[in-house]
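Below is one structure, written out as structure tokens; the observations come after it.
The values are calculated or read from the model by the stated rules, or taken from the named source; none is laboratory data. Only a predicted model underlies this, so the values are computations on that prediction, with no experimental measurement involved. Here the Cβ positions follow ideal geometry from the backbone for every residue, glycine too, while neighbour counts run over all protein chains shown. Just the protein is used for accessible areas: all its heavy atoms, side chains included, with ligands, DNA and RNA removed. Shrake-Rupley method; radii C 1.70, N 1.55, O 1.52, S 1.80 Å.
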Amino acid sequence: MRNLWLVTEFTIKEMIKRKSFIISTLVLLIIIATAFNIPNIMKMLGKNDFNEEILVIDPENLFEGNVEVLNQMNMGYNFEITTENLNYDQLKQKIENDKDECIKFTKNEETIKMEYIVESATMNFGTVPQELVSIFTNLYSKIQISKLNITPEELATIEPEFDVVLVETDENAAKGNVTIMMIISLVLFYAVFFCAQQVSVAITTEKTSKIIETLVTSTDSKTIVLGKTLGIGIVGLVQVILMITVAIISAKFCIDPELLNTIFDVSSITPKLLILTLVYFCFGYALYSLFFALTGATVSKPEDVQYANGPVSFVAVIGFYLAYFSMMNPSSNLNKISGIIPISSPFSMPLRIMMGTATNSEITTSLLVLIVTTILLAVVAIRVYSTTILNTGARLSLKEAIKMAKENRE
């Protein structure tokens, strides 16, 4: 146990001393803080909001100045109306200077022509946004209806107020905040994948620096593998906690509280969910770190690590996307399968628990499969590592490394 802690402590010190780790952590924290500060940055640059600035040209006064009413409805647009009949060059100058778009209305006999003028139609896929068409169609209809002297009762029969209700037939219908689910999934993927990947880098680096020879003479292979896995895991967990802390502080001070409560509704996050998420993080990290330890043991040069890690990286990405796509259809069989398969359960099951679609038996089965798979992989990784630990020649294939370990055992 003492040797395990010594290897863990050594790994932690080596990790936090690396310039790449320090720089990447600082960059991540800066990106997170900056992302939450975008509204304040936009204000400093003179942009008070994210609403699109649209100039409405109405030379025939079809809307009778009522476009200003639309600005009070907070639809994501700031409308400015003018009855001046601007030509093409004047419109082009308006867009280049201070407007995102212009809309010009002219009436031709029985039809109303709507010209949507933008600098480039690429962002709109070459089409006029149907939302804008509906906005001005409804506004014009209301203006014309108001001229018919229709009573409020008669108007109510023409424009009924629909009470829209969403009803789900699935008894296990998903619940929870989609934004929170996505964030949890991404954080887990980063923590499990990128932190675990450091295990193979650490193993290969120590081979080339001859540190491994010192470790081999003072402890056994099992202690080295487990110590490195534990040390990098602790560093990764601290890094994730830092990221979450910076995100929470930035959100609290930079985003409007009402908007924050709407987007980041944390009511579905319970103590049970937090504990199980931590458990899945630990075992998911252990699983992938042992995968990477296995690939790291087969190479002797740092430049070969990326190539050797390719298959494991591919498996991790598949696991993440299984969780992501199953979240799009929470009641599907794919969702249940992704929660059981060990390569995807660390990303998928916490989301299923949050959505309320995972039963206690499914959670138990998922954890048992994940734990057993991790233990079996640990046995294989330790045996392969002990066989190839001093290999400094050509890179071994995973099949060759496992074969060597099997032969040595016999």
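Some points to look at:
- Where a residue in region 214-239 is farther than 24 Å from PHE281 by Cα and modelled with pLDDT under 75 and its partner, wherever it lies, is open to solvent by 10 Å² or more (accessible area, probe 1.4 Å) and among the acidic types (Asp, Glu), with Cβ under 8 Å and at least six apart: LEU215/GLU206
- Single match in ASN360, ASN329 (criterion: farther than 30 Å from VAL299 by Cβ and at pLDDT 85 or above): ASN360
- If the condition is being open to solvent by 30 Å² or more (accessible area, probe 1.4 Å), out of contact with any Asp or Glu (no Cβ under 6 Å at 6 or more places or on another chain) and over 30 Å from LEU226 (Cα atoms), then region 331-359 contributes ASN333, LEU334, LYS336, GLY356, THR359.
- Test: residue in region 73-92 that is of a type in the set (Phe, Trp, Tyr), modelled with pLDDT of 85 or more, surrounded by 11 or more Cβ atoms within 10 Å (Cβ to Cβ) and not in a loop (DSSP other than H, G, I, E, B): yes
- Condition check for THR373: under 27 Å from ALA323 (Cα atoms), at pLDDT 90 or above and either surrounded by 16 or more Cβ atoms within 10 Å (Cβ to Cβ) or among the hydrophobic types (A, V, I, L, M, F, W, C) (or both): yes
A quick yes/no check of all residues on (1) of a type in the set (Phe, Trp, Tyr); (2) loosely packed, with under 10 Cβ neighbours inside 10 Å; (3) assigned to a strand (DSSP E or B); (4) at pLDDT 80 or above:
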| position | (1), (2), (3), (4) |
| --- | --- |
| TYR116 | yes, no, yes, yes |
| THR127 | no, yes, no, no |
| GLU131 | no, no, no, yes |
| LEU139 | no, no, no, yes |
| ILE150 | no, no, no, no |
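- Pair list, Cβ under 6 Å, 6 or more apart: region 298-318 residue under 20 Å from LEU287 (Cβ atoms), other residue modelled with pLDDT of 75 or more and not in a helix (DSSP H, G or I): VAL315/ILE343
- With respect to the conditions (1) closer than 30 Å to ALA251 by Cβ; (2) charged (D, E, K, R); (3) modelled with pLDDT of 85 or more, GLU60 lacks only one, and its number is (1).
- Region 30-44: number of residues that are modelled with pLDDT under 70 and open to solvent by 70 Å² or more (accessible area, probe 1.4 Å): 2
- Pair list, Cβ under 7 Å, 6 or more apart: region 51-69 residue assigned to a strand (DSSP E or B), other residue open to solvent by 50 Å² or more (accessible area, probe 1.4 Å): GLU52/ASP100; GLU53/ASP98; GLU53/ASP100; ILE54/ASP100; LEU55/GLU80; LEU55/LYS94; VAL56/GLU80
- Residue count, region 99-110 (criterion: open to solvent by 80 Å² or more (accessible area, probe 1.4 Å) and within 20 Å of PRO129 (Cβ to Cβ)): 0
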